[in-house]
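The values are calculated or read from the model by the stated rules, or taken from the named source; none is laboratory data. What you see is a predicted model, and the numbers here were worked out from it, not measured in a lab. Cβ atoms come from the backbone with ideal geometry, glycine included; neighbour counts cover every protein chain shown.
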Amino acid sequence: MRRTIVAANWKMNGDKAEVAELLNGFKAQLDTNKADVVVFAPAVFLPKLETELADSAIQFGGQNAWTEPKGAFTGELSLGMLKEFGCTYVLVGHSERRTIFGESDELVAAKTKAALDAGVTPMLCIGETLEEREEGVTEKVVTEQVQAVIDVIGVEALADTVIAYEPVWAIGTGKTATAEQAQEVHAAIRAFIAKQSAEVAEKVQILYGGSVKAASAAELFAKPDVDGGLVGGASLLVEEFAGIVAAA
Ligand code: PGA
């Protein structure tokens, strides 16, 4: 039985006061019994999360990291640094990194490998654009994104990652994929992995992301291949996010 994960992606939002308020709200209101909860916060707030969440079951992670352990990479963070500050997860390949910052499948795969090597769980984001969906190539796009990672880490190691399927057209747009659309793609991803390892396919958690709200979460999470959610906008609202976690 795969455990549900509900992850908050705060993106580049929040200030000291807002983060303090969100953390207090999360600690008071999130039920971590039925789902693992992970918060992806801007890097400058990670020491705060380390302190505030020390006695909490809520886990946290970085939104990005570089592949190398140290050196002349101005502006970047290493996975060792994230780990030292208590991060158990790191986001890899979010569509905003792929499109705005030009991260290729190859770089995403290298980051996934670096995270695994450092003992930080990579949450690998994949997803198609609206154009790709309309062209009918969704399955091809997402399975190629997964294969690019398998090519570098091997299929067995995929069991130690978490996959987040996030259709680009659903991110921050208010257009959630229907539970049926999500299930269809999740099942296709799992079937694709199963051709290489049935065991890994059964084990790997596949989350859905893209305008998840408290009102849509229960239906999404009820689908057999949807193992939780990666939540952006709604994770900046305590009540709304608590509702999503409760839906697990
Ligand atoms: P959204 O973002 O929930 O605001 O659509 C999801 C994400 O980008 O992870």
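Output yes when any residue across the range 176-185 is more than 9 Å from the ligand (Cβ to nearest atom), in a loop (DSSP other than H, G, I, E, B) and surrounded by 15 or more Cβ atoms within 10 Å (Cβ to Cβ), and no when none is.
Going through the range 176-185, the residues more than 9 Å from the ligand (Cβ to nearest atom) turn out to be 177-185.
Right, trim to in a loop (DSSP other than H, G, I, E, B) and you get 177-178.
Add one more test, that the residue is surrounded by 15 or more Cβ atoms within 10 Å (Cβ to Cβ), and what stays is 177.
Within the range 176-185, one or more residues are more than 9 Å from the ligand (Cβ to nearest atom), in a loop (DSSP other than H, G, I, E, B) and surrounded by 15 or more Cβ atoms within 10 Å (Cβ to Cβ).
Name, by its number, the condition in (1) under 18 Å from Arg3 (Cα atoms); (2) touching a helix residue (DSSP H, G or I) at 6+ places or on another chain (Cβ under 8 Å); (3) of a type outside the set (A, V, I, L, M) that does not hold for His186.
Only one criterion is unmet by His186, namely (2).
Looking only at the range 189-198, decide whether some residue is free of Cβ contacts under 8 Å to residues at least 60 places away in the same chain, within 16 Å of the ligand (Cβ to nearest atom) and in a helix (DSSP H, G or I).
no
Conditions (1) modelled with pLDDT under 95; (2) among the aliphatic types (A, V, I, L, M); (3) within 18 Å of the chain's Cα centre (by Cα), marked per residue:
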{"residue": "Gln29", "(1), (2), (3)": "no, no, no"}
{"residue": "Val38", "(1), (2), (3)": "no, yes, yes"}
{"residue": "Lys48", "(1), (2), (3)": "no, no, no"}
{"residue": "Gly71", "(1), (2), (3)": "no, no, no"}
{"residue": "Met81", "(1), (2), (3)": "no, yes, no"}
{"residue": "Phe85", "(1), (2), (3)": "no, no, no"}
{"residue": "Val90", "(1), (2), (3)": "no, yes, yes"}
{"residue": "Ser95", "(1), (2), (3)": "no, no, yes"}
{"residue": "Arg98", "(1), (2), (3)": "no, no, yes"}
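Taking into account only those residues within the range 138-167 that are under 19 Å from Ala109 (Cβ atoms) and touching a Gly at 6+ places or on another chain (Cβ under 7 Å), which is farthest from the ligand (Cβ to nearest atom)? Full working, then the answer.
From the range 138-167, those under 19 Å from Ala109 (Cβ atoms) are 140-166; that's our starting set.
Of the ones still in play, those that are also touching a Gly at 6+ places or on another chain (Cβ under 7 Å) are 142, 164-166.
Working: Val142: 15, Ala164: 7, Tyr165: 11, Glu166: 6 Å.
Ranking the candidates gives Val142 first.
Every residue in the range 117-139 that is closer than 23 Å to Val231 by Cα, in contact with a Pro (Cβ under 9 Å, 6 or more places away or on another chain) and not charged (D, E, K, R), please.
The answer is Gly127, Thr129, Leu130, Thr138.
Between a residue in the range 34-58 that is farther than 16 Å from Asn13 by Cα and any residue that is modelled with pLDDT of 95 or more and loosely packed, with under 14 Cβ neighbours inside 10 Å, which pairs come within a Cβ distance under 7 Å, given they are 6 or more apart or on different chains?
Asp36/Arg3
Can you name every residue in the range 199-227 that is assigned to a strand (DSSP E or B) and more than 12 Å from the ligand (Cβ to nearest atom)?
Filtering the range 199-227 for residues assigned to a strand (DSSP E or B) gives 205-209.
Passing the criteria: Gln205, Ile206.
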